[in-house]
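Okay, structure first, notes after.
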Amino acid sequence: VWETSFPEEKELYLIYRKYFQPAIEILEQELMYNIKYVGPLRAEPQRRYQEREIEKDVGSRGENTVLLLRKHWRKKVAFVELPEDESRVVSWETLKTADMELGAAINEALRWMGMQKLEVKENSGVIRADFVALSHEDKWVTIADVGFGVSQILPVLTTALLSDTDSLLIFEQPEIHLHPRAQARLAELMVCLARTGRRMIIETHSDHLINRLRRISAEDMTNELADQVGIVFVQQNKDRDGAYIESLKLNEEGLIENWPPGFLAETAEDSRAIIKAGISKRRGERSNTI
């Protein structure tokens with residue numbers, strides 16, 4: 001029962017109940033179910049996982065990943081048809097979305113990144129995540145006995161594939177512990193996920209990831225992808241406290257039009273220095289033989 005000596009307060013409350021409360025409830029639902037986050041520090045892999053009740057998500061550190069994979073292994077998820085030829089780079093214009101079981105989608109993503117096939121097995125309440133051994137295809141090893149990068153990328157892939165196609169995915173340093181080729185392939189998988197309608201915010205230090213995005217944009221003859229990729233460069237502000245944020249423009253040719261000083265500079269600088277040093281050495285050798 002509303003009790004107040006101020007009619008205006010009651011009227012404001014009724015307006016809130018009618019117009020604002022439903023909107024707030026919708027926002028809460030969005031925040032709870034449509035925004036997914038995986039942080040940069042992820043749980044170490046284990047040889048065995050004890051079956052237990054878990055939340056809907058993998059957790060900010062990916063601690064529930066294997067249990068979620070076991071629970072939803074045959075659940076239908078939205079993904080794309082990846083090329084059989086692993087030497088190719090995915091093409092935005094030819095990517096076709098497809099519904100498939102989560103386990104199949106995970107293994108397709110792992111294949112594309114050059115990783116082994118995964119199976120999640122349960123026996124008497126004990127769950128194992130096993131991979132095909134590199135040296136023997138008929139042998140399996142646990143997730144704790146393969147490259148550390150595999151266990152670190154699984155929470156990212158699982159979160160992305162279990163999410164609805166209108167979800168917003170937030171990943172901090174998804175490339176952590178991956179070798180350069182796998183980092184570039186991860187960029188391709190992000191493009192695949194975007195093709196399904198998912199949106200992503202990715203915090204990264206990987207020039208391999210960014211350069212592969214640039215390449216796919218440059219090779220996109222529809223010129224659609226460049227408009228869907230936004231790159232934000234955050235650097236220290238020398239003039240005052242805090243950070244300076246600059247939005248970079250990726251054009252249809254895969255070029256960043258307003259390339260800021262210091263952005264992905266190390267690789268280019270090292271390459272130039274290596275070439276310059278090599279030329280100097282060859283010139284020196286020729287001088288010594290004269």
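The values are calculated or read from the model by the stated rules, or taken from the named source; none is laboratory data. The model shown is predicted, which means the values in this text are computed figures rather than measured ones. In this analysis, Cβ positions are derived from the backbone assuming ideal geometry, glycine residues included, and neighbour counts consider all displayed protein chains.
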Among residues of region 236-250 being over 22 Å from the mean Cα position of the chain (by Cα) and not acidic (D, E), the residue modelled with the lowest pLDDT is R240
Among I256, I201, which is in contact (Cβ under 8 Å) with a residue 24 or more places away in the chain, touching a strand residue (DSSP E or B) at 6+ places or on another chain (Cβ under 6 Å), farther than 20 Å from I106 by Cβ and surrounded by fewer than 16 Cβ atoms within 10 Å (Cβ to Cβ)? I201
Using the structure shown, decide if H136 is without any contact (Cβ under 8 Å) to a residue 60 or more places away in the chain and within 15 Å of the chain's Cα centre (by Cα). no
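Against the condition outside any strand (DSSP E or B), surrounded by fewer than 11 Cβ atoms within 10 Å (Cβ to Cβ) and at pLDDT below 90, how does E30 come out, does it pass?
Working: outside any strand (DSSP E or B): yes; surrounded by fewer than 11 Cβ atoms within 10 Å (Cβ to Cβ): no; at pLDDT below 90: yes.
Here the answer is no, as E30 does not meet what is asked.
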Do we have S247 as exposed (fewer than 10 other Cβ atoms within 10 Å of the Cβ) and among the polar types (S, T, N, Q) here? yes
Please verify whether region 153-161 includes one or more residues that are modelled with pLDDT of 95 or more and either assigned to a loop (DSSP other than H, G, I, E, B) or within 21 Å of E84 (Cβ to Cβ) (or both). yes
